[in-house]
Amino acid sequence: MYVPQILMPALFELEKNFVSAQEDTDFQKKFHDLLKNYAGRPTPLTLCRNLTKGTKTRIYLKREDLLHGGAHKTNQVLGQAMLAIRMKKKEIIAETGAGQHGVAAAIACALLNLKCRIYMGVKDVKRQSTNVFRMQLMGAKVISVKNGSGTLKDACNEALRDWSSTYKTSHYMIGTAAGPHPYPTIVREFQKMIGEETKKQILEQENKLPNSIIACIGGGSNAIGIFSDFIYDKVNLIGVEPAGHGIHTGKHGAPLKHGRTGIYFGMKSHLMQNQEGQIQESWSISAGLDFPSVGPEHAWLNSTHRAQYVSITDQEAINAFQSLCREEGIIPALESSHALAYALKIMKMHPQKKQILIVNLSGRGDKDIFTVHDVLKKGKKNESISDNV
Amino acid sequence: MNRYQIMFKRLSLLKEGCIIPFVVLGDPSLEISIKIIEALIENGADALEVGIPFSDPLADGPTIQKANLRALSKKNTFFEYFQILKKIREKNEKIPIGVLIYANLVYNQGIDNFYLQCFDSGLDSVLIADVPIEESKVFYKTANKHQINSIFMCPPDADKNFLHKISSYAQGFIYVLSRAGVTGIENKTFSLPTSFIKKIKKYNSIPLLQGFGISNPKQVKEAMLSGLSGIICGSAIIHIIEKYLNQEDEMIKKIKRFINSLKLSSKLK
């Protein structure tokens, strides 16, 4: 809990209420009812029919993109909104990068009658304008953050600042398994059904556990959600960080493998920082992965080598995005495209190996189509220039 | 007696409040920053609180955040900051000097190495803005090893448990917050209730200074009358720096006048 002293009572209050809610059968019943009858759980586990042709690999997608709201984010915001009500808070503060958590927060607040304000970096407001509109439609106030790099990191700082003056009436709904204790635990517990369902579904479909589970890592919530039920099983857990323009360029968002331990955003974890300890700006084509740190449980899984962390570039993610659209008729979020790209890499490395890979398709890609469109258009332009030369 | 104790004793005899200005080292540049600090010392500062620039100062409001970014844009090193602090100490033997810093910078230097540098530079105290008392153990122990006082903040809604805890940790002075939130200028006068101040004093014997939102002499007077030992003022000074960024002489003149006005209003006689 590396936060200004003023926030400590708010964190203690949250911890106390979370612990009691976990033991409260009424709370759990209501939460699971919302997940089932409002959000649409369980989500399917879809076998890819075409992507793996000519290989012995079977790739399954855990379809969090089909959850109401279009991403896994809806799971935990429902839990946190219920916690806020339990603490008698009437306002929600949230931050968002890609807008998926912002949309989920707005959904939960509309449903449960909570006031909602969402901080979003000015750059992200521009690149995720459809999500901004969705949040506004559901009654949330979107506050554009111009400080610093104008991305998720700055939105997080601003949300924490807001909370430090309003914690008596507001709850800060952190969007990922990061931040000060108890947030990483809360978010994991409210996301762990992804892994529980996946285990049940793969055993039903294949009668055995998969070889690997692959998930993208920004803050790490979808990954910890799907990993958590497999941590003590003989399954490879693979987290995929964004390599952005390439690790060597410095324009990436891969603190786990290419950062070092530090203290930021209320937690001690891996960080992108310069020699002096100043936090560096991250980069990813996917706004949801554009964060210079990562949840502390991933730092632990990395240090104990229980999970393996790798990285995928913007271009590789876009290629995977296109493949899934074309081959399976599914538009994945750019975040999830990173995980898929790594699964395809494994498949191509060992095409004749019998293996089962599960990719957590953490969200749908409608929000990213304009970004991808711009990249492809730029690529085509360059192609025709070189053709003419 | 350490420098804080000597200063508070002297002020108590003189029936004066303690005025501690806060500035970010290197804002707007190291050269001008040194001139600002000298102007503050010569015109009424009883002690100094110096911010070490950090990229993400989340306990601070927009004014101080911008000051941090202005300083960082000059790309000075941590080593340079401490060289400057050492020089300020050499020139001013008696004034207590504390730094305000964020945890990552301390951790990045190595906790022991950081406090050793503080000792070598002649610093008296360290306040880590994002290390609450509950997480302070390792920092506190190392600070003590190097004879550096640890400064803690006391929220305006602190309960008995917290007041009891802070009483066994606090050194130098207790930084009592006027209000919840982050640093910044307020036009309102934040008088902490006398009953609350009495409650803190029941558990703590060291001086209490009020910070956050202090921007004018009237607030200083109010703080003194409510039983506090003085104030810490940051954003209001940094606001002057920001306003006169390209007029150095005017900036220094205004800062001198401002700190002097705060000091005058702290005199109870």
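For A:Q308, which sequence-distant residues (separation of 5 or more, or a different chain) have an amide H within less than 5 Å of its own amide H, given hydrogens modelled in the peptide plane?
The list, which skips near neighbours in sequence, is A:L237, A:I238, A:G239.
Multiply the residue separation of A:Q275 and A:N207 by 0.36 nm, subtract the distance between their alpha-carbon atoms, and state the gained length in nm to one decimal.
Once the chain is fully extended between A:Q275 and A:N207, it gains 19.5 nm.
Given labels modelled 7 Å from the Cα in the Cβ direction, how far is it in nm from A:T130 to A:R260?
Distance between label points: 4.2 nm.
Please give the average number of partner chain Cβ atoms lying within 10 Å of the Cβ of each residue in A:139-149, rounded to a whole number.
Average neighbour count from other chains, rounded to a whole number: 1.
List every residue whose amide H lies under 5 Å from the amide H of A:T261, counting only residues 5 or more places away in sequence or on a different chain, with H placed 1.01 Å from N in the peptide plane.
A:L271
Rounded to the nearest 20 Debye, what is the dipole magnitude of the protein assembly as shown about its Cα centre when Lys and Arg each give +1 and Asp and Glu each give -1 at the C-beta?
720
What fraction of the Cα pairs in the range B:1-139, stated in percent, has a spacing above 22 angstrom?
Distances greater than 22 Å cover 38 percent of the Cα pairs.
Describe numerically, in nm with one decimal, the distance between label points set 7 Å from Cα along Cα→Cβ at B:E80 and at A:K30.
Once both label points are built, they end up 5.6 nm from each other.
Need the C-alpha centroid separation for the range B:7-56 versus the range A:107-158, integer Å.
Cα centres, the range B:7-56 to the range A:107-158: 38 Å.
What number does the range B:137-187 give for Rg over Rh if you use C-alpha atoms and the Kirkwood radius?
Reported Rg/Rh (Cα atoms, Kirkwood Rh): 1.04.
When the helix-only estimate is applied to chain B (DSSP H runs of n ≥ 4, each -39,500 (n - 2.57), divided by the residue count), what is the mean residue ellipticity at 222 nm, nearest 500 deg cm²/dmol?
-15000 deg cm²/dmol
Starting at the first residue of the range B:132-144, write each ³J(HN,Hα) from the Karplus equation 6.51 cos²θ - 1.76 cosθ + 1.60 with θ = phi - 60°, in whole Hz, x for Gly and Pro.
Values, residue by residue: x, 4, 5, 10, 8, 3, 5, 5, 5, 4, 5, 4, 4 Hz.
Using 0.36 nm per residue of separation minus the Cα-Cα distance, give me the extension gain between A:W300 and A:K348 in nm, one decimal.
14.3 nm
Where the only charges are on Cβ atoms (+1 Lys, Arg; -1 Asp, Glu), what is the dipole of chain A about its Cα centre, to the nearest 20 debye?
440
With no solvent and one equal point scatterer per Cα, compute the Debye intensity ratio I(q)/I(0) for chain A at 0.11, 0.12, 0.15 Å⁻¹ and report its log10, rounded to two decimals.
Values returned for q = 0.11, 0.12, 0.15 Å⁻¹ are -0.72, -0.87, -1.39.
Suppose we keep just the DSSP beta bridges with both residues in the protein assembly as shown; what percent of those would be antiparallel, to 5?
20
State, to one decimal in nm, how far the label point of A:H68 lies from the label point of A:Q308, with both points 7 Å from Cα in the Cβ direction.
3.9
R0 = 22 Å: FRET efficiency of B:K141 with B:Q5, Cβ-based, nearest 0.05?
E between B:K141 and B:Q5, to the nearest 0.05, is 0.55.
What list of ³J(HN,Hα) couplings, whole Hz, do you get for the range B:235-245 from phi and the Karplus terms 6.51, -1.76, 1.60, once you set θ to phi - 60° and write x for glycine and proline?
Rounded to whole hertz, the list is 4, 5, 6, 5, 4, 5, 4, 5, 5, 10, 3.
Peptides B:34-43, A:21-30: what's the order by average Cβ count within 10 Å, highest mean first?
Descending mean neighbour count gives B:34-43, A:21-30.
Just how large is the dipole of the range B:3-264 about the Cα centre, in debye to the nearest 20, putting +1 at every Lys and Arg Cβ and -1 at every Asp and Glu Cβ?
My answer is approximately 820 debye.
Please give the residues of the range B:224-242, grouped as numeric ranges, whose backbone N is less than 16 Å from a label point set 7 Å along the Cα-to-Cβ vector of B:K201.
B:224-231
By the gyration tensor of its Cα atoms, with a ≥ b ≥ c the square roots of the eigenvalues, what is the shape of the range A:1-64: rounded for a/c under 1.5, prolate for a/b over b/c, or oblate?
Here the range A:1-64 falls in the oblate category.
How about the protein assembly as shown: what cysteines have no other cysteine beta carbon under 4.7 Å from their own?
Cysteines of the protein assembly as shown left without a disulfide-compatible partner: A:C48, A:C156, A:C216, A:C325, B:C18, B:C118, B:C154, B:C233.
For the range B:112-269, compute Rh as the Kirkwood radius over C-alpha pairs and then the Stokes-Einstein diffusion coefficient at 10 °C and 1.306 mPa s; write the answer in µm²/s, rounded to an integer.
Answer, rounded: 94 µm²/s.
Residues with amide H under 5 Å of A:I356's amide H, sequence separation 5 or more or different chain, H placed in the peptide plane at 1.01 Å from N; which?
A:R58, A:N211, A:S212
With θ taken as phi - 60° and the coefficients 6.51, -1.76 and 1.60, list the Karplus ³J(HN,Hα) couplings across the range B:173-178 in order, rounded to whole Hz; mark glycine and proline as x.
7, 9, 8, 8, 7, 5
When all alpha-carbon pairs of the protein assembly as shown are counted, what percent fall beyond 33 Å?
It works out to 49 percent of all Cα pairs.
We did not get these values from a lab; they are worked out from the coordinates using the rules stated. These figures come from a predicted structure and were not determined experimentally. As a convention, Cβ positions derive from the backbone with ideal geometry for all residues, glycine included, and neighbour counts pool all protein chains shown.
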